[in-house]
1. Of all the residues that make up the stretch 273-293, how many are among the polar types (S, T, N, Q), open to solvent by 50 Å² or more (accessible area, probe 1.4 Å) and in a helix (DSSP H, G or I)?
2. When the residues of the stretch 77-103 are narrowed to those that are within 30 Å of ARG39 (Cα to Cα) and at pLDDT below 85, which ends up surrounded by the fewest Cβ atoms within 10 Å (Cβ to Cβ)?
3. Do you know which of the residues in the stretch 139-158 that are modelled with pLDDT under 85 and hydrophobic (A, V, I, L, M, F, W, C) is farthest from the chain's Cα centre (by Cα)?
4. For the subset of the stretch 108-130 comprising residues that are modelled with pLDDT under 95 and open to solvent by less than 20 Å² (accessible area, probe 1.4 Å), which member is farthest from the chain's Cα centre (by Cα)?
5. Return the residues of the stretch 167-200 that are in contact with a strand residue (DSSP E or B) (Cβ under 8 Å, 6 or more places away or on another chain) and among the small types (Gly, Ala, Ser); say none if nothing qualifies.
6. Conditions: (1) among the small types (Gly, Ala, Ser); (2) loosely packed, with under 13 Cβ neighbours inside 10 Å; (3) over 24 Å from the mean Cα position of the chain (by Cα). GLY63 meets all but one. Number of the miss?
7. Could you list, ordered by first residue, the pairs with Cβ atoms under 9 Å in which the first is in the stretch 14-28 and at positive phi and part of a loop (DSSP other than H, G, I, E, B) and the second is surrounded by 17 or more Cβ atoms within 10 Å (Cβ to Cβ) and small (Gly, Ala, Ser), at least 6 apart or interchain?
8. Examine the stretch 184-200 for a residue that is modelled with pLDDT of 90 or more, among the polar types (S, T, N, Q) and open to solvent by 20 Å² or more (accessible area, probe 1.4 Å), and state whether such a residue exists.
Amino acid sequence: MNLTLEALQILDIIDRKGSFAAAALALDRVPSALTYSVRKLEDDLDVLLFDRRGHRAKLTPAGQQLLTEGRHLLLAADDLEQRVKRTATGRETELRIVLNSVIAFKNMLPLIAAFDREASGTRLRFTPGVLAGAWEEIIAGHADLVIGATLDGPEIVRTSGRFQTRSLGLVEWVFAIAPGHPLAEAAEPLPPELVRQHRAVAVGDSSRNLPSMTIGLLSGQETLTVPTVAAKLAAQLAGLGCGHLPRNWAAPYLADGRLIEKQTQVGKPHDDFLVAWPKAEQGKSLKWFLAQLSQPAIQQMLLSGAG
């Protein structure tokens with residue numbers, strides 16, 4: 001058989017990273033090894049899988065079909081590996097955790113250290129997820145746990161019965177700007193017509209396939225889209241835009257005057273952030289994290305801001 005799981009994994013990472021060089025770096029291999037593997041597969045199948053005329057590695061229609069179907073095989077193989085591991089030990093080979101950037105990663109470190117003391121043998125893999133992007137990962141089977149999911153998810157989450165959610169805690173939002181921002185001297189509460197005239201800073205939805213979500217933006221408002229809450233905070237500290245920040249993140253800068261809180265006529269409701277996970281086949285490591293995440297002290301630590 002010419003087609004192997006390793007070959008499909010190589011196609012998948014090249015497509016996700018956009019180039020052979022970036023994929024080789026992610027796989028800790030030299031680019032020439034990936035090029036050889038792809039060319040051998042193309043020779044074996046007698047099809048061209050990549051259009052190499054541009055700078056970005058672009059799949060041909062045949063390559064796209066192979067990868068689309070092949071990803072189902074990769075998911076099935078990963079699921080089989082996980083089930084075999086759980087059957088033998090009750091522990092997952094790997095626990096894939098999507099972390100909303102409203103949770104500073106440093107706040108996860110004590111929890112990771114506590115998990116290490118369990119000596120479970122389960123690898124931890126963290127990936128970022130924002131808005132619909134966090135749900136997309138768990139729906140697609142790419143995640144075992146989402147920490148910091150927002151809203152109640154797409155319809156498939158609400159109606160399929162495949163997933164469970166639990167509150168992680170409320171996040172209070174504050175509309176904040178740098179002292180030199182044009183809105184600093186404006187009378188409060190700020191009307192939406194005035195706020196709309198100034199660029200907002202927003203954390204972008206990380207979804208690739210589900211419809212993206214936006215929260216707290218006004219229709220027609222110019223937007224600077226950034227990847228994380230930390231980047232949003234930095235942009236607003238630099239006076240590059242306005243918007244709502246988690247109060248725990250903004251608090252030190254409000255205290256020393258590097259940010260100013262402004263009241264608005266249209267506020268942003270407090271968000272109840274969630275923990276989400278698939279119902280089926282929970283291994284011991286997932287159960288351990290769920291137990292920890294149910295503790296109020298852990299919830300408070302995770303949502304305490306950047307520190």
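The values are calculated or read from the model by the stated rules, or taken from the named source; none is laboratory data. Just so it is clear, the structure is predicted and the values come from calculations on it, not from any experiment. FYI the Cβ positions are ideal-geometry reconstructions off the backbone, even for glycines, and counts take in every protein chain you see. Side chains included, ligands, DNA and RNA excluded: accessible areas come from the protein's heavy atoms. Shrake-Rupley method; radii C 1.70, N 1.55, O 1.52, S 1.80 Å.
1. First pass over the stretch 273-293, keeping only residues among the polar types (S, T, N, Q): 282, 285, 292.
Then drop every residue that is not open to solvent by 50 Å² or more (accessible area, probe 1.4 Å), which leaves 282.
Restricting the remaining residues to those that are in a helix (DSSP H, G or I) gives none.
Final tally of qualifying residues: 0.
2. For the stretch 77-103, the residue satisfying everything is LEU80.
3. Going through the qualifying residues, I end up with ILE156.
4. Among them, the one singled out is THR122.
5. Hits for the stretch 167-200 are SER167, GLY169, ALA176, ALA178, ALA184, ALA200.
6. Checking GLY63 against (1) among the small types (Gly, Ala, Ser); (2) loosely packed, with under 13 Cβ neighbours inside 10 Å; (3) over 24 Å from the mean Cα position of the chain (by Cα), the one that fails is (2).
7. GLY18/ALA57
8. Kept after step one, since they are modelled with pLDDT of 90 or more, are these residues of the stretch 184-200: 184-200.
Still in the list and also among the polar types (S, T, N, Q): 197.
Now drop any that are not open to solvent by 20 Å² or more (accessible area, probe 1.4 Å), which leaves 197.
Scanning the stretch 184-200, I find at least one residue that is modelled with pLDDT of 90 or more, among the polar types (S, T, N, Q) and open to solvent by 20 Å² or more (accessible area, probe 1.4 Å), so the answer is yes.
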